[in-house]
Number of protein chains: 2
Amino acid sequence: MSKQRFTPLLRELAHCFQTFELLSGRHIRSLGLTPSQFDVITALGETNGMNCGDLGERALITKGTLTGVLDRLEQKGLVQREESPGDRRSIIVHLTPEGLSLFTQISSQHLKYLNTAFNKLDDEFIGSMTTQLALLRGILQQHAEISPVNTTFSR
Amino acid sequence: MSKQRFTPLLRELAHCFQTFELLSGRHIRSLGLTPSQFDVITALGETNGMNCGDLGERALITKGTLTGVLDRLEQKGLVQREESPGDRRSIIVHLTPEGLSLFTQISSQHLKYLNTAFNKLDDEFIGSMTTQLALLRGILQQHAEISPVNTTFSR
DNA sequence: TATTGTTATACTCTATAACTATA
DNA sequence: TATAGTTATAGAGTATAACAATA
């Protein structure tokens, strides 16, 4: 019945996403990071450290998996684990100076890398597209919270 | 310089896609498939069989990895490998009747699952958003072909 | 020589469940 | 009892390089 109404949007969303990921993923790998590691670095770079629970939720990584990802990033000297002052069960993860430096470098390189592509878009398009994406995300996010398929957190 | 111009779009694009993936990925897992397996099933369902090279390119999976993914799908009885009539090095992969049935079931369920979310969008929004995504994808795709980071195919 | 797909290798991600130490 | 993070386990994806069969 109402299927057909948004099927093209869904298909295009997935297709566009896939292309973006191809482009973006190539660059991430060339920097020596996995997508998950990149997600963690980005999450930490945009905030000023967070505990594992919040970090996992933000980067879409379950807690068991996150431990391994953090181990590897710590081994590379990019992140650091510190005791939380309030709760002795909790741990605060934050970027080391090297991690922060990589984050800023990544951001700038990532933008530069995509620059030539996005150059072709005019301001009006960019503005309207951004607004629409934000609206769409809001709806998706609301839906994600309201109707999970199962109780456990999974991608 | 021109960084700031499209930074919000980039951020929103990544954020929106991440949310979409969370929602979509949950459903895929609940069907007993991995994301890669889902990509393969989808690619095969939308066409009528293809060789490994094209399939890998479409699903963003390198050839070495694809062999393993196909093995598992074949083991589940969802896909089948057949000799290519023209080129004896090549192989045609296609869905089995069970695979095809799963594909149609998935498509319909996937749409039904996302229905409540997309219900809230009006026709004008859907149309404009679809057009913009297609335009953006075209640009990204062109960029992906023109300026790869390295020669090897990677996500 | 080049291409198609497989094999081999080593690493990372993944979910899940059991575990510890705190609360 | 509940929560935060780790550990253990088994499976899947990942890139890469070497390989066999065919072109």
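Compute the Cα gyration tensor for the protein assembly as shown, then decide on rounded, prolate or oblate, letting a ≥ b ≥ c be the square roots of its eigenvalues: rounded whenever a/c is under 1.5, prolate when a/b is larger than b/c in the other cases, and oblate in all that remain.
Verdict is rounded for the protein assembly as shown.
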Measuring from the longest principal axis of the C-alpha atoms of chain B, the long axis of helix B:97-118 (C-alpha) lies at a number of degrees, nearest 10, equal to 10 degrees
Each residue of A:27-37 has, on average, a number of other protein chain C-beta atoms within 10 Å of its C-beta equal to 2
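Between B:T131 and A:N48, what's the calculated FRET efficiency when r is the beta-carbon distance and R0 is 25 Å? Round to 0.05.
0.05
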Under 18 Å by backbone N from the virtual spin label 7 Å along Cα-to-Cβ at B:K63, the residues of segment B:11-42 are none
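Under 13 Å from the Cβ of B:L135, count the other residues' Cβ atoms, weight Lys and Arg +1, Asp and Glu -1, and hand me the total.
Charge balance in the 13 Å sphere: -1.
Between rounded, prolate and oblate, where does segment B:60-119 land on the alpha carbon gyration tensor, with a ≥ b ≥ c its root eigenvalues, rounded for a/c under 1.5, else prolate if a/b exceeds b/c?
prolate
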Label model pair A:R72, A:H15: point-to-point distance (7 angstrom along the Cα→beta-carbon line) in nm is 3.2 nm
Per the 1/(1 + (r/R0)^6) rule, R0 = 25 Å and r from the Cβ atoms of B:S30 and B:R81, FRET efficiency to 0.05 is 0.35
Axis carrying A to B; for chain A the Cβ-nearest residue and its rounded Å distance come to A:F17, 2
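Using a/c under 1.5 as the rounded threshold, could you call segment A:25-155 rounded, prolate or oblate? The axes a ≥ b ≥ c are square roots of the C-alpha gyration tensor eigenvalues, and prolate needs a/b larger than b/c, oblate otherwise. List each step's numbers first, then the result.
Values: a/c = 2.12, a/b = 1.24, b/c = 1.71.
Since a/c reaches 1.5 but b/c is at least a/b, the shape of segment A:25-155 is classed as oblate.
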Listed by chain and number, the aspartates and glutamates with an alpha carbon less than 13 angstrom from that of B:K63, same-chain partners under 8 positions apart left out, are B:D54, B:D71
Within the under-14-Å Cβ sphere about A:E82, not counting A:E82, Lys/Arg +1 and Asp/Glu -1 give a net charge of 0
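Since every read-out is calculated from the coordinates, none of them should be taken as a lab result. Because the structure is predicted, anything quoted here is derived from the model rather than measured. As a convention, Cβ positions derive from the backbone with ideal geometry for all residues, glycine included, and neighbour counts pool all protein chains shown.
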